[in-house]
Amino acid sequence: MTDMITAGDDAPAFTAPRDGGETVSLSDYAGKTVVLYFYPKDDTSGCTTEALEFTAMGREFEQAGAVVLGVSKDSVKKHDRFRDKHSLGVILVSDSDTSIAEDYGVWKEKSMYGKTYMGIERSTFVIDGAGVVRHAFRKVKAAGHAAQVLDAVKALA
């Protein structure tokens, strides 16, 4: 388990499979702002709300020079179904071995109904074109979060 990534830290590099079956690397977006959001599970209510909000604001993120990547433990096949079912416009990254989540410090012990388990803590990182984390949002509430992140991205310009 790595330390918590905070604003000012270098963003941990990664290469992983994405929806559609290609791979994506943080370095693919050198010079661009990257919104890297971690979410627990495809097609659950909060995760769907969050993905739909990022998709709805996709044009605004693009105009602000940012690309949005959603990361969960789900497989590429699940990501493809999630994307197609909801017409999502964000890149969905499959972190099946949780290495990206661990590098960013969002793979956490969680509990629900008295059961303890490991899972992704809903978090978002805004990474500038030089690969430095400029904002780290943790324990995010899905609804309204995309607008908050967009404001942070615009403030970097």
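Derivation of every value follows stated rules applied to the coordinates shown; laboratory data play no part. Quick caveat: nothing in here was measured; it's all calculated off a predicted structure. Backbone-built Cβ (ideal geometry, glycine too); neighbour counts: all protein chains shown.
Simple point charges give the picture: +1 on the Cβ of Lys and Arg, -1 on the Cβ of Asp and Glu, and for region 30-156 a dipole about the Cα centre of about 260 debye. Using alpha carbon centroids, what distance separates region 140-157 and region 62-98, in Å? Answer, in whole Å: 18.
Just to confirm a number: summing +1 for Lys and Arg and -1 for Asp and Glu over residues other than THR98 whose beta-carbon lies under 14 angstrom from that of THR98, what do you get?
-3
Computed over every Cα-Cα pair of the chain and binned at 10 Å starting from 0, the pair-distance distribution P(r) comes out as 11, 44, 38, 6, 0 percent. Which one of LEU69, TRP107, ALA155 is farthest out on the positive end of the charge dipole of region 55-157, using unit charges on Cβ (Lys, Arg +1; Asp, Glu -1) and the Cα centre as origin? With unit charges placed on the Cβ atoms, the residue in question is TRP107. Neighbours of ARG59 by Cβ distance under 15 Å: Lys/Arg scored +1, Asp/Glu scored -1, total -2. Distances between placed amide hydrogens fall under 5 Å for VAL132 paired with ALA11, all partners being 5 or more residues away or on another chain. Here region 59-110 is treated as a sphere whose radius is the Kirkwood value from Cα pairs; by Stokes-Einstein at 20 °C and 1.002 mPa s it diffuses with a coefficient of 174 µm²/s.
Judged by the mean number of other Cβ atoms found within 10 Å, the most tightly packed of the peptides 123-135, 15-27 leads the ranking 123-135, 15-27.
Calculated mean residue ellipticity at 222 nm for the chain: -8500 deg cm²/dmol, from DSSP H runs with n ≥ 4 weighted as -39500 (n - 2.57), summed, divided by the residue count and rounded to 500.
Here the mean projected area of the convex hull built on the C-alpha positions of region 80-157 is 6.8 nm². Taking region 71-157 as the region of interest, the number of lysine pairs whose Cα atoms are within less than 13 Å, with members eight or more places apart or on different chains, is 4. Taking all Cα pairs closer than 8 Å and separated by 6 or more residues, the relative contact order of the chain comes to 34 percent.
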